[in-house]
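The values are calculated or read from the model by the stated rules, or taken from the named source; none is laboratory data. Just so you know, these numbers come straight off a predicted model, no measurement behind them. Positions of Cβ are backbone-derived with ideal geometry, glycine not excepted, and every protein chain shown enters the neighbour counts. We work out accessible area using only protein heavy atoms, side chains counted, and drop any ligands, DNA or RNA first. Shrake-Rupley method; radii C 1.70, N 1.55, O 1.52, S 1.80 Å.
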Amino acid sequence: MAVEAGRLRGRFGWSGERQRPRWLQVVANAALVLAGMCGALAMLAAVQLAYGARPQHTAATIAGLAAVVIVAVFAARWMHAAIEGRVDLLTQALDASPDAQLIVRPDGRMAYTNAAFVNLFPDDGGPPLDRVAAALADEPQSQADFRRLRNQAAAGARAIAALPLRDARGGAAGWFTISVNPIAGRAGYSFWNVRDVTAQHEMEAVIRDERNKLIDFLDNAPIGFYSVDAQGHFLFINQTLGEWLGGRPSDIAAQGARLHDFIVAPLADPGSPFDPFGGRDDGTQRGEVVLRGRQGRTVHAWIGQSVVGEGDELRTRSVVRDLTPEREWETALRRSRERFQRFFADAPVGIALLGRAGRFEEANRAVGALFGAAAPDLIGQQLIDFLYEGDRREVAAKLVAATEGRAFAAPLEFRLQGGRERIMVAFVSRLDAGEGDDGLILHVIEVTEQRSLETQFAQSQKMQAVGQLAGGVAHDFNNLLTAMIGFCDLLLLRFRPGDPSFADIMQIKQNANRAANLVRQLLAFSRQQTLQPRVLDVTDVLHELSNLLRRLIGENIELKVVLGRELGLVKVDQGQLEQVIINLAVNARDAMPTGGTVTIRTANVSEPQPVRHGPEVMPAGDYVLIEVVDTGIGIPKENLGRIFEPFFSTKEIGSGTGLGLSTVYGIVRQTGGFVFVDSAPGRGAVFQIYLPRQDAAAAPAAARADGAEPALGRDLTGIGTVMLVEDDDPVRIFGARALRNKGYQVVEAKSGEAALELIRDAAQPIDLLITDVVMPRLDGPGLIRRVREIHPDMKVIFISGYTEDAFRQRLGSDSAIHFLPKPFSLKQLAAKVKEVLSGEAA
């Protein structure tokens, strides 16, 4: 019908999509012609009448012509109605079609379109086929297929293609079948039909996708699928099983391979492909085999299969599961269990499992070593039985709480029974194994040494804090004592020995010197005293000190001095060494209230390896050993770790300060030595002092140390300009007066900033700079660094109550600096200044 409608429209000259047909225009034109002819007849009649024609002849002519016209008009209208009705019927039928239809002229212009085509491809004024091409999806292949359709239509051939098209609003593309057919009898005319097949295409895609999914599932499932015929030849193999067997499924099936070709064990009857494992009553067969692929891969497999069909159609439906990972897991699990057992047994930390009753169920070697028994011997014993009695109640309560699921924050700490106190820390966690098989896991470590180190560290912190306090107090005392001793010296210059005031001033000076000794003890305790070390022989020191020691310890105590032969030399401050020995002798006397013996021994000692005494390690080397041994009451074990602690004393209140042994420790350690003690109740005590031995050939001769009183009668006067920088007014005033009395010109400064300004503005050169070390804002070392930038060669003397080492490291390689410790006397100050200015000081 569509072809016939196109033929009719072409025959009658239709040229628009919805325009009036051309034949209707012809009929209308004919009507106009007839009307014109009627008018012409009317004019003819008028002319005839005008020229005398008879009216009846004219009327007859007009009537005849009118009749012809009327008949022609009615005939035209009847033909128009008949043809238009038929064409409209065909047009309505074509418009009702859901397919978009188009008739194309040979020149590419449109001869006819139905409503579906107009809706699908709106008119944009261009050729209709170009509108179809513009609606194609942006794919090169689609454009190429449409060009093929147009070429075949132009050649008068039939063609069809499925192409994706966008809708009129630019939405998503749908799938359409476009077909083209030539119109018979109309050369160059072609009929185009566009049918929407989107739903069909989508359904086919869904079916295809589901089929692909099923194929993919079967091929790539983690298990193998296969089917064999009655002779055991493979009919079907999925991809997974093909990979296990070492080939492509299609190749294995095409080559006529048999299942028995790949079975290693068990060996089946070659004639029975269906019974490698033994049949079951329900017709199924299952079992484990070992398969070996073509590349040598071995697969431990489980096969389950059923037999279907009869006769030649006999076949299996079989499933293969790879047991290799499970076998590997079993092997790994066994190795892991063995490895865990080794880790558990050989762990350096004690690990134990306690049952609900608190008995050992499992224990490793470390637990056995900690509890003093072999690990198997601990099984079945109560943990509580191994604990110190004072800790049992608390430990039992916490174990019960842990068993009941109540957690406690801190680890469990307890002590073990035995002669030596041992401290353990246990980390407890609950083992919830289910079915009432609960227990506790204990990780136990020994912290005895750690607790000892913590105690020693706390003591060290305490000593450091008290030492800082003592050092600060001593520094202030040294300034006061320097002023007191200095002003006493100034007063003594004005009085003669026979004057009554002379004795009073001397008494004041002696008391100030005693106070200075007390300050030195404080600094020795804090290891901040200014030592004056000299290379000396300990034997000579003990010879001179023995008489004093005998008077100190009393008549009821015997003193023995056993001196080693060819004793080495040591470099120490003689006064401090004497103080150490005196303190130890006095402590020994107090430990023997009813009498006894104090023995002092010396010897040369060489240690090839480092030696540990408690927390301290003495390096290897050559030492001089001084032992002070008593036969007193001894020192309890719990006090041995605290005897060097400041203010710790076992004496009655008022009988001791608690600073004696701490001072000994401070002096020996600052000298570079070590002091150790060994004692037990009822066995007395042994104090050992190790001092580094000096090389006798390289040791210089003993010389007067800094700070010693100069020889009597020595001339201490001098000339030159000296700047004295001291923030403590009494010390600065005394020093300035003392130096002026000796002939020096003195420039005073109260701070480092003032001294620096005076040096920059000095009218005459300054020969010597004397400065305190500790000053606010700009201290002594900082002042010296600034002065060196202006006067690199200026001579400098530091004065301080602190040790010289406290500031030496801050000056780097500057060795042209001298030191005078506080407190100092007038003579000591004058002697030091003269030595430095004259170049005598080293």
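The table for this structure:
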{"read-out": "First in segment 454-469 and surrounded by 11 or more Cβ atoms within 10 Å (Cβ to Cβ), second anywhere and modelled with pLDDT of 70 or more and in a helix (DSSP H, G or I), Cβ under 7 Å, 6 or more apart", "value": "463/662"}
{"read-out": "All positions within segment 582-631 that are closer than 17 Å to residue 667 by Cβ, touching a Ser or Thr at 6+ places or on another chain (Cβ under 8 Å) and modelled with pLDDT under 90", "value": "583"}
{"read-out": "Any hit, segment 286-302, residues being in contact with a Phe, Trp or Tyr (Cβ under 9 Å, 6 or more places away or on another chain) and β-branched (Val, Ile, Thr)", "value": "yes"}
{"read-out": "Residue 423 being open to solvent by less than 60 Å² (accessible area, probe 1.4 Å) and in contact with a Ser or Thr (Cβ under 8 Å, 6 or more places away or on another chain)", "value": "yes"}
{"read-out": "Test result for residue 769, within 47 Å of the chain's Cα centre (by Cα) and either crowded, with 22+ Cβ neighbours inside 10 Å or among the aromatic types (Phe, Trp, Tyr) (or both)", "value": "no"}
{"read-out": "Hits in segment 303-332 (condition: in a strand (DSSP E or B) and of a type in the set (A, V, I, L, M, F, W, C))", "value": "303, 307, 308, 319, 320"}
{"read-out": "Boolean, residue 596 is open to solvent by less than 40 Å² (accessible area, probe 1.4 Å) and over 26 Å from residue 672 (Cα atoms)", "value": "yes"}
{"read-out": "Qualifying residue in segment 560-570 (condition: closer than 30 Å to residue 591 by Cα, buried (at least 21 other Cβ atoms within 10 Å of the Cβ), touching a strand residue (DSSP E or B) at 6+ places or on another chain (Cβ under 6 Å) and modelled with pLDDT of 85 or more)", "value": "yes"}
{"read-out": "Wholly enclosed helices (runs of 4 or more DSSP H) of segment 137-249 bearing at least 1 residues crowded, with 18+ Cβ neighbours inside 10 Å, at pLDDT below 85 and among the small types (Gly, Ala, Ser)", "value": "140-154, 239-245"}
{"read-out": "Matching residues in segment 656-686 - criterion: being open to solvent by 70 Å² or more (accessible area, probe 1.4 Å) and modelled with pLDDT under 70", "value": "657"}
{"read-out": "Every residue from segment 470-503 that is open to solvent by 40 Å² or more (accessible area, probe 1.4 Å), small (Gly, Ala, Ser) and at pLDDT below 80", "value": "498"}
{"read-out": "Residue 379 open to solvent by less than 60 Å² (accessible area, probe 1.4 Å), farther than 15 Å from residue 443 by Cβ, β-branched (Val, Ile, Thr) and free of Cβ contacts under 8 Å to residues at least 60 places away in the same chain", "value": "no"}
{"read-out": "Segment 308-325, subset touching a residue at least 12 places away in the same chain (Cβ under 8 Å) and among the charged types (D, E, K, R), residue least open to solvent (accessible area, probe 1.4 Å)", "value": "322"}
{"read-out": "Flag if residue 225 is under 30 Å from residue 286 (Cβ atoms) and hydrophobic (A, V, I, L, M, F, W, C)", "value": "yes"}
{"read-out": "Candidate set: segment 350-363, residues that are surrounded by fewer than 22 Cβ atoms within 10 Å (Cβ to Cβ) and in contact with a helix residue (DSSP H, G or I) (Cβ under 7 Å, 6 or more places away or on another chain); chosen: the one farthest from residue 404 (Cα to Cα)", "value": "351"}
{"read-out": "Subset of segment 777-795 that is touching a strand residue (DSSP E or B) at 6+ places or on another chain (Cβ under 7 Å) and either more than 18 Å from residue 750 (Cβ to Cβ) or at pLDDT below 60 (or both) - its residue that is surrounded by the most Cβ atoms within 10 Å (Cβ to Cβ)", "value": "795"}
{"read-out": "Close pairs (9 angstrom Cβ cut-off, 6 or more residues apart or separate chains): at positive phi in segment 156-182, modelled with pLDDT of 85 or more and open to solvent by less than 50 Å² (accessible area, probe 1.4 Å) anywhere", "value": "156/190"}
{"read-out": "Single residue of 347, 366, 373, 332 found to be surrounded by 15 or more Cβ atoms within 10 Å (Cβ to Cβ) and under 33 Å from the mean Cα position of the chain (by Cα)", "value": "366"}
{"read-out": "All positions within segment 113-159 that are of a type in the set (Phe, Trp, Tyr) and within 22 Å of residue 188 (Cα to Cα)", "value": "117, 146"}
{"read-out": "Per-region count, segment 717-735, residues among the hydrophobic types (A, V, I, L, M, F, W, C) and surrounded by fewer than 19 Cβ atoms within 10 Å (Cβ to Cβ)", "value": "2"}
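Here is a yes/no grid of residues against (1) open to solvent by less than 20 Å² (accessible area, probe 1.4 Å); (2) of a type outside the set (Lys, Arg); (3) at pLDDT below 75:
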position	(1), (2), (3)
89	no, yes, yes
112	yes, yes, no
115	no, yes, no
120	no, yes, no
127	no, yes, no
